[in-house]
Amino acid sequence: MESTEVEIIWNGPRSRAELLLAAIVPDDPESFSYEIIDLDKSSRLIIRVISKNLNTIRSTIDDILVCLAAANTSLDVVEEK
């Protein structure tokens, strides 16, 4: 069976990319790979999920997006104070 690959790409400050990554890595680090690429004025966080099972990849992506959204919202609140 062939595998499916999905990428989540986020652009912004490197410091926030590192914090977002820290929020998801402890969850299940074997289920995805990641890298942070420095661009001219920002950074790009790329999260890759590869699986042969579409249900597994969907579940993993859903979990990652929920964690990223929660972490991003928390960081917004902290930055406002």
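The values are calculated or read from the model by the stated rules, or taken from the named source; none is laboratory data. Just so you know, these numbers come straight off a predicted model, no measurement behind them. With ideal geometry, Cβ positions are generated from the backbone for all residues, glycine too; neighbour counts draw on all protein chains shown.
Being out of contact with any Gly (no Cβ under 6 Å at 6 or more places or on another chain), more than 14 Å from Ile8 (Cβ to Cβ) and not hydrophobic (A, V, I, L, M, F, W, C) is the requirement here; does Asn55 meet it?
Answer is yes for this residue.
For the range 1-36, give me each residue that is in a strand (DSSP E or B) and within 13 Å of the chain's Cα centre (by Cα).
Passing the criteria: Val6, Glu7, Ile8, Ile9, Trp10, Asn11, Gly12, Ser33, Tyr34, Glu35, Ile36.
Checking Ser74 against (1) in contact (Cβ under 8 Å) with a residue 40 or more places away in the chain; (2) polar (S, T, N, Q); (3) surrounded by fewer than 16 Cβ atoms within 10 Å (Cβ to Cβ), which single condition isn't satisfied?
Looking at each condition in turn, Ser74 falls short on (1).
Would you be able to tell me the number of residues in the range 8-33 that are farther than 20 Å from Val78 by Cα, modelled with pLDDT of 95 or more and surrounded by 13 or more Cβ atoms within 10 Å (Cβ to Cβ)?
Within the range 8-33, residues that are farther than 20 Å from Val78 by Cα, modelled with pLDDT of 95 or more and surrounded by 13 or more Cβ atoms within 10 Å (Cβ to Cβ) number 1.
Return only the number of the condition from (1) surrounded by 13 or more Cβ atoms within 10 Å (Cβ to Cβ); (2) closer than 27 Å to Val78 by Cβ; (3) not aliphatic (A, V, I, L, M) that Ser59 does not satisfy.
So the condition that Ser59 fails would be (2).
Restricting the range 34-62 to residues that are among the hydrophobic types (A, V, I, L, M, F, W, C) and in contact with an Asp or Glu (Cβ under 6 Å, 6 or more places away or on another chain), which is modelled with the lowest pLDDT?
Ile50
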